[in-house]
Structures are given as C-alpha cells and as structure tokens.
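Trainee: Below is the structure I would like to discuss, written out as structure tokens.
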Amino acid sequence: MRIFEFIIIAMVCLGIFEFLKQRQKIQANSQNTSKQQSEINEELAQLKARVAILEKIVTDKGYDLKQEIDDL
C-alpha cells in the first residue's frame, strides 16, 4: 500500500511542477506581447507623422509649380 501512496504523491508533485512551469511560460509570453505591441504602436505613430508631412508637401501649391518646372 505504501508504494501506491508514494506514486500518487509523486504524480501530484509532478502535476504541480508542470502547472507552475506552464504558468511561467504564459506570463513570459504576455510580457513579450506587451513589449511588441508598444513597439508596433510607436512605429505606427512615426509612420502617421511621416504621412502627414508628405500630405503637406503634396498639397502645397508650390509643389505643383515645382513639378511643372521639373516636367519642362
């Protein structure tokens, strides 16, 4: 009977160990995902600023004149 008790206790310990290991992996992935998301948001903000500058350049009246001169 003692051997079965030992096997059950060992299985419970292994189960708890695996549970804690998986929980730690999930937390690490969550932190990486948050970091990646902040990097993506920062890059998006930079791209929006660039597009705004390009829109200003293209809609500027002087741009049309310069384009006509360049076409000649």
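Read the figures in this text as sums done on the coordinates, not as results from a lab. Note that the coordinates shown come from a computational prediction; the quantities given were computed from them, not determined experimentally. All Cβ positions, even for glycine, are placed from backbone atoms using ideal geometry, and neighbour counts span all protein chains on display.
Trainee: Between the helical axis of 61-71 and the dominant principal axis of the chain, each derived from Cα atoms, what acute angle in degrees is found, rounded to the nearest 10?
Mentor: Between helix and principal axis, roughly 70 degrees.
Trainee: Right, something else. How long is the gain from LEU20 to ILE40 if the chain were fully straight, where each residue apart is worth 0.36 nm and the alpha carbon distance is subtracted? Before the final figure, lay out each step's value.
Mentor: Details: separation 20, 0.36 × 20 = 7.20 nm, distance 3.04 nm.
Using 0.36 nm per residue and subtracting the Cα-Cα distance, I get 4.2 nm.
Trainee: Another one. Identify, among PHE4, PHE17, ALA49, the residue whose Cα sits farthest towards the positive end of the charge dipole of the chain, taking +1 on the Cβ of Lys and Arg and -1 on the Cβ of Asp and Glu, with the dipole about the Cα centre.
Mentor: Comparing the listed Cα positions along the dipole, PHE4 ranks first.
Trainee: Of the lysine pairs in the chain, how many meet both conditions: Cα atoms under 29 Å apart, and a spacing of 8 or more in sequence or different chains? Could the numbers behind the result be given before it?
Mentor: Values: LYS21/LYS35; LYS25/LYS35; LYS35/LYS48; LYS48/LYS56; LYS48/LYS61; LYS48/LYS66; LYS56/LYS66.
For the chain, the number of qualifying lysine pairs is 7.
Trainee: Could you work out [θ]222 nm for the chain from helices alone, using -39500 (n - 2.57) per DSSP H run of at least four and dividing by all its residues? Round to the nearest 500 deg cm²/dmol. Kindly include the intermediate steps, with their values, before the conclusion.
Mentor: Working: 2 runs with 69 residues, N = 72.
Result for the chain, helices only: -35000 deg cm²/dmol.
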